[in-house]
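Down below is the structure, laid out as C-alpha coordinates.
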Amino acid sequence: MVMKRIQRSRRKGWQSPPGVIYVGRPTMWGNPFQAMRWGHAKSVIVHDQWLQGRVGAMTLEGMGFCPAEIEAIERLRIRVLTNLHRLADHDLACWCPCTSAWCHAETLLRLAPAYAEYEQCAA
(Lines give C-alpha, C1' and ligand atoms only; values in the text may rest on other atoms or scores of the structure.)
Protein backbone atom coordinates (compact mmCIF):
# COMPACT_ATOMS: atom_id res chain seq x y z
CA MET A 1 0.00 0.00 0.00
CA VAL A 2 1.34 3.41 -0.96
CA MET A 3 0.76 5.89 1.84
CA LYS A 4 0.09 9.49 0.91
CA ARG A 5 -0.44 12.91 2.39
CA ILE A 6 -3.92 14.45 2.54
CA GLN A 7 -4.43 18.20 2.95
CA ARG A 8 -6.90 19.09 5.68
CA SER A 9 -9.53 21.65 4.88
CA ARG A 10 -11.87 23.98 6.73
CA ARG A 11 -14.36 23.94 3.86
CA LYS A 12 -17.90 23.31 4.96
CA GLY A 13 -18.70 19.62 4.75
CA TRP A 14 -15.11 18.44 4.36
CA GLN A 15 -14.34 15.27 6.27
CA SER A 16 -11.14 13.35 6.62
CA PRO A 17 -11.28 10.06 4.72
CA PRO A 18 -11.55 6.92 6.89
CA GLY A 19 -8.27 5.63 8.28
CA VAL A 20 -6.39 8.90 7.77
CA ILE A 21 -4.30 10.02 10.75
CA TYR A 22 -3.92 13.74 11.49
CA VAL A 23 -0.24 14.54 12.18
CA GLY A 24 -0.34 18.26 12.91
CA ARG A 25 -0.39 20.18 16.13
CA PRO A 26 -1.47 19.45 18.84
CA THR A 27 -0.90 15.72 18.24
CA MET A 28 2.35 14.05 19.22
CA TRP A 29 3.08 13.86 15.48
CA GLY A 30 3.14 17.64 15.03
CA ASN A 31 6.42 19.30 14.06
CA PRO A 32 7.85 20.96 17.20
CA PHE A 33 9.97 23.25 15.00
CA GLN A 34 7.54 25.98 14.03
CA ALA A 35 7.61 27.37 10.53
CA MET A 36 6.76 30.83 11.85
CA ARG A 37 10.05 30.84 13.75
CA TRP A 38 12.49 29.27 11.26
CA GLY A 39 10.64 29.23 7.95
CA HIS A 40 8.72 26.34 6.46
CA ALA A 41 11.57 24.53 4.66
CA LYS A 42 14.03 24.80 7.56
CA SER A 43 11.45 23.59 10.07
CA VAL A 44 10.81 20.48 7.95
CA ILE A 45 14.53 19.82 7.45
CA VAL A 46 15.25 20.18 11.18
CA HIS A 47 12.29 17.88 11.99
CA ASP A 48 13.68 15.21 9.66
CA GLN A 49 17.19 15.51 11.11
CA TRP A 50 15.80 15.53 14.67
CA LEU A 51 13.87 12.29 14.17
CA GLN A 52 17.01 10.68 12.76
CA GLY A 53 18.98 11.69 15.88
CA ARG A 54 21.12 14.27 14.12
CA VAL A 55 19.93 17.26 16.17
CA GLY A 56 21.32 17.25 19.69
CA ALA A 57 21.04 19.43 22.74
CA MET A 58 23.79 21.82 21.64
CA THR A 59 22.09 22.42 18.29
CA LEU A 60 18.75 22.97 20.01
CA GLU A 61 20.39 25.39 22.46
CA GLY A 62 21.89 27.26 19.53
CA MET A 63 18.39 27.49 18.04
CA GLY A 64 17.23 29.28 21.18
CA PHE A 65 15.64 26.47 23.16
CA CYS A 66 16.08 26.55 26.94
CA PRO A 67 17.13 23.41 28.88
CA ALA A 68 13.54 22.56 29.87
CA GLU A 69 12.40 22.84 26.23
CA ILE A 70 15.31 20.68 25.08
CA GLU A 71 14.40 18.01 27.61
CA ALA A 72 10.75 18.12 26.49
CA ILE A 73 11.74 17.90 22.82
CA GLU A 74 13.92 14.87 23.52
CA ARG A 75 11.09 13.15 25.42
CA LEU A 76 8.80 13.90 22.48
CA ARG A 77 11.29 12.38 20.03
CA ILE A 78 11.40 9.14 22.02
CA ARG A 79 7.59 9.07 22.15
CA VAL A 80 7.26 9.67 18.41
CA LEU A 81 9.84 7.02 17.50
CA THR A 82 8.30 4.50 19.89
CA ASN A 83 4.91 4.96 18.22
CA LEU A 84 5.99 5.60 14.64
CA HIS A 85 5.06 2.07 13.56
CA ARG A 86 1.39 2.99 14.17
CA LEU A 87 1.45 5.31 11.14
CA ALA A 88 2.45 2.55 8.72
CA ASP A 89 -0.23 1.73 6.13
CA HIS A 90 -2.15 4.94 6.88
CA ASP A 91 -2.52 8.10 4.86
CA LEU A 92 -1.51 11.17 6.88
CA ALA A 93 -3.33 14.50 7.04
CA CYS A 94 -1.83 17.92 7.67
CA TRP A 95 -2.41 21.50 6.60
CA CYS A 96 0.40 21.69 4.02
CA PRO A 97 -0.70 21.83 0.39
CA CYS A 98 -0.10 18.48 -1.30
CA THR A 99 1.96 20.34 -3.90
CA SER A 100 4.39 21.61 -1.26
CA ALA A 101 7.84 20.05 -1.33
CA TRP A 102 8.17 20.81 2.38
CA CYS A 103 5.99 18.89 4.84
CA HIS A 104 6.95 17.02 7.98
CA ALA A 105 4.28 14.41 7.14
CA GLU A 106 6.51 13.30 4.26
CA THR A 107 9.22 12.46 6.79
CA LEU A 108 6.73 10.44 8.82
CA LEU A 109 5.48 8.67 5.68
CA ARG A 110 9.07 7.78 4.78
CA LEU A 111 10.08 6.50 8.24
CA ALA A 112 6.90 4.71 9.38
CA PRO A 113 7.27 1.56 7.24
CA ALA A 114 10.80 0.90 8.51
CA TYR A 115 9.65 1.26 12.11
CA ALA A 116 6.74 -1.09 11.41
CA GLU A 117 9.26 -3.66 10.15
CA TYR A 118 11.34 -3.21 13.31
CA GLU A 119 8.21 -3.69 15.40
CA GLN A 120 7.33 -6.92 13.57
CA CYS A 121 10.84 -8.28 14.09
CA ALA A 122 10.70 -7.47 17.79
CA ALA A 123 7.36 -9.21 18.31
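The values are calculated or read from the model by the stated rules, or taken from the named source; none is laboratory data. Since the model is a prediction, treat every value here as computed from it, not as a measurement. All Cβ positions, even for glycine, are placed from backbone atoms using ideal geometry, and neighbour counts span all protein chains on display.
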Scan segment 44-65 and report the pairs whose first residue is under 14 Å from residue 30 (Cα atoms) and whose second residue is exposed (fewer than 14 other Cβ atoms within 10 Å of the Cβ) and charged (D, E, K, R), with Cβ atoms within less than 9 Å and a gap of 6+ or a chain change. 48/54; 48/110
In segment 68-123, what residues are at pLDDT below 90 and in contact with a helix residue (DSSP H, G or I) (Cβ under 6 Å, 6 or more places away or on another chain)? 115, 116, 119
Checklist (1) surrounded by 14 or more Cβ atoms within 10 Å (Cβ to Cβ); (2) of a type outside the set (A, V, I, L, M); (3) out of contact with any Ser or Thr (no Cβ under 7 Å at 6 or more places or on another chain) applied to residue 61, failing item: (1)
Assess whether residue 31 counts as being in contact with a Gly (Cβ under 9 Å, 6 or more places away or on another chain) and not aliphatic (A, V, I, L, M). yes
Does residue 26 satisfy the condition of being of a type outside the set (A, V, I, L, M), free of Cβ contacts under 8 Å to residues at least 40 places away in the same chain and over 24 Å from residue 79 (Cβ atoms)? no
So which residues in segment 78-91 are surrounded by 15 or more Cβ atoms within 10 Å (Cβ to Cβ) and in a helix (DSSP H, G or I)? 80, 81, 84, 85, 87
